[in-house]
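Asker: Quick one: this structure, given as structure tokens, is what I'll be asking you about.
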Amino acid sequence: MHTRWRGITASTFAAVALAGLVAGCDGDKSKAQVAADSNAVDAGPPQPVLGGKLGAELAAAASGAPAEGRPAPGGGPTDGPPENGVFSPQAAAAALPKDMPYKIEVVDEGSEPRARLAPKIDPKSEQKLNITLGLRMGGPQGMPNLDLGVSLKAEKPADKPKEGAGAAAPAASAAPTKVIAKVTSATLASMSIGGPPKELADALAKLKGSALHYDLSPANAVSNQKPELAKDADPGLQPLLAALGEAIALVTPPLPDKPVGAGAYWMVTDRAVASGAQLPVLRYRVFKIEKVEGDVVSISVDTRQYAEGADLKLPGPNGEVTLTIDRLESSGKGTLTWSPSSFAPGTADASQRLQALLVPPGGSGQPGAQRSVAQVELTAKFAAPAAP
């Protein structure tokens with residue numbers, strides 16, 4: 001445990017990630033490569049885990065074909081996400097223009113009674129969560145699962161429009177809420193008898209005070225995330241804050257602008273950066289209302305991610321290395337509970353997996369070029385803190 005933890009530093013984290021991504025480039029195929037060749041390469045596009053109308057909608061997003069007469073993302077039957085999971089930059093921009101932060105498409109409004117879902121957050125409130133976070137790269141590599149205590153508050157209440165402001169009033173009302181998610185505690189999610197080694201316990205303790213700053217729009221969409229490590233925290237733990245940010249964004253549902261009820265579902269298209277691989281992706285999430293109890297809404301989410309281009313740039317010991325993405329498959333699913341008074345879901349359980357087949361530098365376009373495999377898995381569980 002001692003040695004493993006010391007490997008997670010600013011320099012070696014990048015080296016481990018790069019080693020995992022380019023494993024198998026030379027010599028015989030690795031076990032991961034053989035598995036990828038036998039499963040991932042021939043598997044075709046990701047298949048939806050849901051059936052019925054919702055499954056058809058996900059299949060349409062994955063293949064670009066219309067579902068029940070609905071135009072495919074991007075405006076035509078061939079403009080949807082590509083079969084190999086890799087957009088060209090032009091096709092990605094057509095699916096979601098660069099100046100559009102996200103797109104919400106309601107597929108089914110659900111049953112009566114219906115209501116408009118919208119955040120109604122008291123800027124003076126505080127939400128406390130326990131978040132169990134896991135990040136794995138190339139199988140067992142990566143950080144051990146961590147339990148984080150997190151406090152979410154509004155950094156600054158939105159300025160109220162002045163009387164007689166006229167045209168300025170709508171703009172002020174649409175201002176995002178500035179949120180700060182501050183780490184209040186950090187420890188291993190599971191420990192052997194006697195607890196973690198002192199060095200590890202000390203490193204985790206110094207995470208206290210680290211924070212994630214982000215915007216929460218009136219439609220409940222997360223954007224502009226800015227991680228901030230505590231002054232004395234190990235810089236190698238920066239990926240942890242990035243993973244925390246991805247987890248919060250993954251399970252925070254952007255909300256439709258029309259009333260919806262139980263059984264409703266909608267698709268959200270936006271951009272994200274996959275943790276571990278630092279890969280820009282175009283993300284499709286389908287949210288479905290499972291039930292409504294008072295002001296608490298239980299929602300399931302199904303996710304597909306696609307690369308925004310074929311180039312993956314990574315830091316290497318001798319400078320930046322550019323790999324070519326031959327195929328990418330990324331899917332995830334989760335459940336969550338949301339209420340209008342909360343900054344983030346009160347409970348959530350989600351996972352997101354990514355697997356990419358890569359061609360090393362200089363190998364693109366060469367017949368028989370050795371490919372490598374990259375695997376990243378993010379898991380997150382949100383819960384209210386246990387009573388004292």
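The values are calculated or read from the model by the stated rules, or taken from the named source; none is laboratory data. From a predicted model like this one, the values you see are computed outputs, not experimental measurements. No Cβ is skipped: glycine too gets one built from the backbone with ideal geometry, and neighbour counts run over all protein chains shown. Accessible surface areas use protein heavy atoms only, side chains included; no ligands, DNA or RNA. Shrake-Rupley method; radii C 1.70, N 1.55, O 1.52, S 1.80 Å.
Asker: Mind listing the long-range amide H neighbours of Ala175? Cut-off is under 5 Å, sequence gap 5 or more, other chains count too, H placed in the peptide plane at 1.01 Å from N.
Answerer: none
Asker: Also, quick follow-up: How much length is gained on full extension from Lys258 to Lys313, taking 0.36 nm per residue of separation minus their Cα-Cα distance? Kindly include the intermediate steps, with their values, before the conclusion.
Answerer: Numbers: separation 55, 0.36 × 55 = 19.80 nm, distance 4.05 nm.
That works out to 15.8 nm of additional length.
Asker: How about Lys153: which lysines have a C-alpha closer than 17 Å to its C-alpha, ignoring those fewer than 8 places off in the same chain?
Answerer: Answer for Lys153, where 17 Å is the Cα cut-off: Lys120, Lys124, Lys128, Lys178, Lys182, Lys208, Lys226, listed by chain and number.
Asker: Sorting Ile104, Ile131 by accessible area (1.4 Å probe), largest first, what list results? Let's see the in-between values first.
Answerer: Working: Ile104 50, Ile131 0 Å².
Descending order: Ile104, Ile131.
Asker: Also, I was wondering about something else. Using a 1.4 angstrom probe on the protein heavy atoms only, could you order Thr303, Thr335 from most to least accessible area? All intermediate terms of the calculation are to be shown ahead of the outcome.
Answerer: On the way: Thr303 5, Thr335 80 Å².
Sorted descending by solvent-accessible area, the residues read Thr335, Thr303.
Asker: Return the carbon/sulfur percentage of the accessible area of the stretch 228-293, one whole number, probe 1.4 Å, all protein chains in place.
Answerer: On the way: 1030 of 2010 Å².
Roughly 51 percent, rounded to a whole number.
Asker: I'd like the FRET efficiency for Asn130 and Asn224, computed as 1/(1 + (r/R0)^6) with the beta carbon distance as r and R0 of 35 Å, rounded to 0.05. Present the calculation step by step, with values, prior to reporting the outcome.
Answerer: Details: r = 25 Å, r/R0 = 0.72.
Plugging the Cβ-Cβ distance into 1/(1 + (r/R0)^6) gives 0.90.
Asker: What ranking of Glu83, Glu290, Glu377, Glu308 comes out by heavy-atom accessible area, probe 1.4 Å, highest first?
Answerer: Of Glu83, Glu290, Glu377, Glu308, the descending order of accessible area is Glu83, Glu290, Glu377, Glu308.
Asker: Expected output is a single nm value to one decimal: the length gained when fully extending between Val321 and Ser341, i.e. 0.36 nm times separation in residues minus the C-alpha distance. What is it?
Answerer: Values: separation 20, 0.36 × 20 = 7.20 nm, distance 4.51 nm.
Once the chain is fully extended between Val321 and Ser341, it gains 2.7 nm.
Asker: Work out the FRET efficiency for Asp202 and Gln278 from their Cβ-Cβ distance, taking R0 = 35 Å, and round it to the nearest 0.05. Present the calculation step by step, with values, prior to reporting the outcome.
Answerer: Values: r = 28 Å, r/R0 = 0.79.
According to the calculation, E is roughly 0.80.
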